[in-house]
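To start, the structure itself, in structure tokens.
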Amino acid sequence: MIQEISPEIQDQLNLSALILKKNYNSADLTSWFGFNLNDEMHVKQAKRLLNLYGIKSGLHLRNILQRYENGEMASMAFEKLAAEFRSDTTDTFKVKYDALDHPGIKSTYKIVWKYRFSLKEHKLIGYEMAYYIFLMRLGGVLGFITIEEIMLRLEDANTRLKTLFSSWGEFHRNVCIGDEYVLGSTEQDISKFPGTKTLWEHYQRLHIQHANWFKEWKK
């Protein structure tokens, strides 16, 4: 029998709600995994998503969870470049930027330059921990991780995030910036709302559909 989700645990699971909805719009956010274990198509979709991250076993899952938890997926590279840019002037940055040929790298430079000071403390930890919880939920579909372990990891992640961020808005903004940094996506285009291209647009949808979830930042 699957353990009932308490309001406290639902609040913790909601830290991955935005990423879960982006990757699978039909996900049930009020379930442990977001996927129906009794629906073959749901299980196949979860397996497909896990394969995208090279996760084919519990060992693979824990290895990648550790990388997200340690900031290896985005924060370290972001901060290394941000530290360099904090020593630049607008002119010296422009020289570096104009010398680039690859559009993806130019996008990365632009994002890091924009947030080089404002994310000095937070880095992209919100983004990484949202994915950390998302991948745990996916792993649960295929039995790579138990609900008992998910609960322990959720509590730890929740404590860390609720200490670092002060509101759902601040946290979700970090998740969106991280997604933009990793994918080189553009920010929200309000002229196309409700669109589906960017995480910013998924963020708006989520806050409309589940407004009550994101009012109180429960520590």
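The values are calculated or read from the model by the stated rules, or taken from the named source; none is laboratory data. In this text, all values refer to a predicted model and were calculated from it rather than measured experimentally. FYI the Cβ positions are ideal-geometry reconstructions off the backbone, even for glycines, and counts take in every protein chain you see. Note: accessible area is taken over every heavy atom of the protein model, side chains too, but ligands, DNA and RNA are not part of it. Shrake-Rupley method; radii C 1.70, N 1.55, O 1.52, S 1.80 Å.
For Arg86, state whether it is under 20 Å from the mean Cα position of the chain (by Cα), among the basic types (Lys, Arg) and at pLDDT 95 or above.
Judged against the criteria, Arg86 is not a match.
Would you check which residues across region 72-106 are closer than 16 Å to Ile125 by Cβ and in contact with a Lys or Arg (Cβ under 7 Å, 6 or more places away or on another chain) and list them?
Within region 72-106, Met73, Ser75, Phe78, Glu79, Ala82 meet the criteria.
Hey, any hits in region 55-78 for a residue that's open to solvent by less than 40 Å² (accessible area, probe 1.4 Å), farther than 25 Å from Glu155 by Cα and in contact (Cβ under 8 Å) with a residue 12 or more places away in the chain?
Yes: one or more hits.
Collect the residues in region 93-116 that are of a type in the set (Ser, Thr, Tyr) and open to solvent by 60 Å² or more (accessible area, probe 1.4 Å), keeping them in residue-number order.
none
Ser167 fails exactly one of the following numbered conditions: (1) in contact (Cβ under 8 Å) with a residue 12 or more places away in the chain; (2) under 30 Å from Val43 (Cα atoms). What is the number of that condition?
(2)
Give the number of residues within region 1-23 that are modelled with pLDDT under 95, among the polar types (S, T, N, Q) and either closer than 11 Å to Trp213 by Cβ or assigned to a helix (DSSP H, G or I) (or both).
1
Of the conditions (1) small (Gly, Ala, Ser); (2) more than 15 Å from the chain's Cα centre (by Cα); (3) open to solvent by less than 10 Å² (accessible area, probe 1.4 Å), Ser6 satisfies every one except a single condition; which number is it?
All conditions pass for Ser6, except number (3).
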